[in-house]
Amino acid sequence: MTASVKHRPAKRRFLSPLNQRRWRNFKANRRGWWSLWLFLALCLVSFSANFIANDRPIIASYKGELLFPVLFDYEAEKFGGVLATPDYRDPDLQKEIDAHGWTVWPPVHYSYATKTDSTAALSPPFWLQSKEERCKLYPQGANDENCRFGNWNLLGTDDTARDLFARVLYGARISIAFTLVLTFFSAVIGIAAGAVQGYFGGWVDLIFQRFIEIWSAVPTLYLLIILASVLVQGFWVLLFVMLLFQWVTLVGVVRAEFLRARNFEYVNAARALGVPDRTIMFRHVLPNAFVAALTYLPFLLTAGISTLTALDFLGFGLPPGSASLGEVMLQASRNLVAPWIGITGFIVMALLLSLLAFIGEAARDAFDPRKTFQ
């Protein structure tokens, strides 16, 4: 009797052997590897800003009902108030909720636009003040029960008494989200344009290339300022304006890769077999060109953050009152007597841009053929 042996198909790995080697090369660059984890941690913290710094409780229990003020708006009448929206920082409202339930607050009891009578403008960080100084605006001074850690200003306040830590945290979230969306759409448009140019060549390449040369010669920053001053300020309007110019960055790299690969033997063989151009471009040529484009993505990310910060600093970026790193730097230039504002803005900007530069450097080395096949 012969036992039948069933051969199971080999499990396909998520990464090809070549990409596994690239991933090992990336991990071997310790500075880039740890920069990647630090940047991901910063993204996680900034995108959780509502649960870290907010003037609303995360969860509240009131008269047996479980509420989530951080996610939903409740009317003040629910708590016996007369205002349109409840002020959860109001001591009377806190006593009312505590008398009929409980609350769970974020570590910092300020949002990016919170203004209170208990906070002074241009107040230094709480760890540079005595308890009497940081509690001097509370009704009972240092003995006031609301003068506690969550209501102290971790990094000080700006000239309108808004908490600097909350503004930096929300501003970093907007900057990261903005540059991620901008880089994604810029990469899609730039790679598509470069692929069409390089693959078809001839008149298509000639016309596109002349157009890109003219378009690239336009003074981008000045035109961005003019368009931003004419159009209504907003996140998506600003994104559209910057997308008009940033997509050009990747066109040259992708075009060069397609020009080089369009005459390779396997591409000619695919054409001879009647494979459609679209399939050849996306399945056989684009993977090679994508390697070159990938090394440029971290630099597109840094360019997006830098440009948004510059426009906000000049007053042509996000709407007034929005949390942004450029607005923090503008506050720093206006209030030289409050050096903690400038120091905070500089450290956050330098940290973000440095991490992205180190990640880009590691990605470039990982995809370098001379290092991949060592």
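The values are calculated or read from the model by the stated rules, or taken from the named source; none is laboratory data. Small disclaimer: the values here were computed from a predicted structure and weren't measured. For neighbour counting, all protein chains shown are included, and Cβ atoms are generated from backbone atoms with ideal geometry for every residue, glycine included. Heavy atoms of the whole protein, side chains included, go into the accessibility calculation; ligands, DNA and RNA do not. Shrake-Rupley method; radii C 1.70, N 1.55, O 1.52, S 1.80 Å.
Enclosing the Cα atoms of region 128-193 in their convex hull gives a volume equal to 104 cubic angstrom per residue.
In whole angstrom, note down how far apart the Cα centers of region 103-140 and region 320-348 are. Cα centroid to Cα centroid, the span is 18 Å. Only residues of region 109-126 count here: report those whose backbone N is under 14 Å from the spot 7 Å along Cα→Cβ of residue 144, or say none. Counting only backbone N, you get 115-121. Judged by the ratio a/c of the largest to the smallest principal axis of the C-alpha gyration tensor, region 233-328 counts as prolate, that ratio being 1.5 or greater while a/b is larger than b/c.
Relative to the globular-protein estimate of 2.2 N^0.38 Å, the Cα radius of gyration of region 131-252 stands at 1.76. Loop-located GluC sites (Glu not before Pro) in region 29-102 (DSSP state not H, G, I, E or B) with no more than 14 neighbouring Cβ atoms inside 10 Å: 75. Using unit Cβ charges (K, R positive; D, E negative) and no other charged atoms, how large, in debye to the nearest 20, is the dipole of the chain about its Cα centre? That gives the chain a dipole magnitude of about 2580 debye.
Close Lys pairs in the chain (alpha-carbon distance under 25 Å; sequence gap of 8 or more, or different chains): 11.
Average accessible surface for the chain: 56 Å² per residue, computed with a 1.4 Å probe over protein heavy atoms with every protein chain in place. Accessible surface ranking for 45, 251, 218, 1.4 angstrom probe, highest first: 45, 218, 251. With R₀ set to 22 Å, the beta-carbon distance separating residue 28 from residue 357 gives a calculated FRET efficiency near 0.75.
Only one residue of 352, 268, 221 has its Cα farthest out toward the positive end of the dipole of region 164-371, where Lys and Arg carry +1 and Asp and Glu -1 on Cβ, and that residue is 268. Of the residues 109, 100, the one with the largest accessible area comes first in the ranking 100, 109, computed with a 1.4 Å probe on protein heavy atoms. Among 293-304, 277-288, sorting by the average number of other beta carbon atoms lying within 10 angstrom of each residue, highest first, gives 293-304, 277-288. Computed over the alpha carbons of the chain, Rg followed by Dmax gives 27.2, 94 Å. Among 24-36, 306-318, sorting by the average number of other beta carbon atoms lying within 10 angstrom of each residue, highest first, gives 306-318, 24-36. Our summary gives region 164-371 a relative contact order of 30 percent, counting only alpha carbon pairs under 8 angstrom and 6 or more residues apart. Would you mind estimating how fast region 164-371 diffuses translationally, via Stokes-Einstein at 20 °C and 1.002 mPa s with the Kirkwood radius over Cα pairs, in µm²/s? Reported coefficient: 113 µm²/s. A Förster radius of 41 Å, combined with the Cβ-Cβ distance separating residue 159 from residue 266, puts the computed FRET efficiency at roughly 0.05. Could you tell me which of 293, 105, 51 has its Cα farthest along the dipole of the chain towards the positive end, charges placed at Cβ (Lys, Arg +1; Asp, Glu -1), taken about the Cα centre? Looking along the dipole axis, the top candidate is 293. Taking the chain, the Cys residues with no second Cys beta-carbon under 4.7 angstrom are 43.
Each principal axis of the Cα cloud of region 59-151 was evaluated for its coordinate range; sorted largest first, these ranges are 41, 26, 24 Å. Per-residue packing, averaged as other Cβ atoms within 10 Å, sorts the ranges 256-263, 49-56 into the order 49-56, 256-263, beginning with the highest. Taken as Cα centroids, region 182-198 and region 22-46 sit 26 Å apart, rounded to the nearest whole angstrom.
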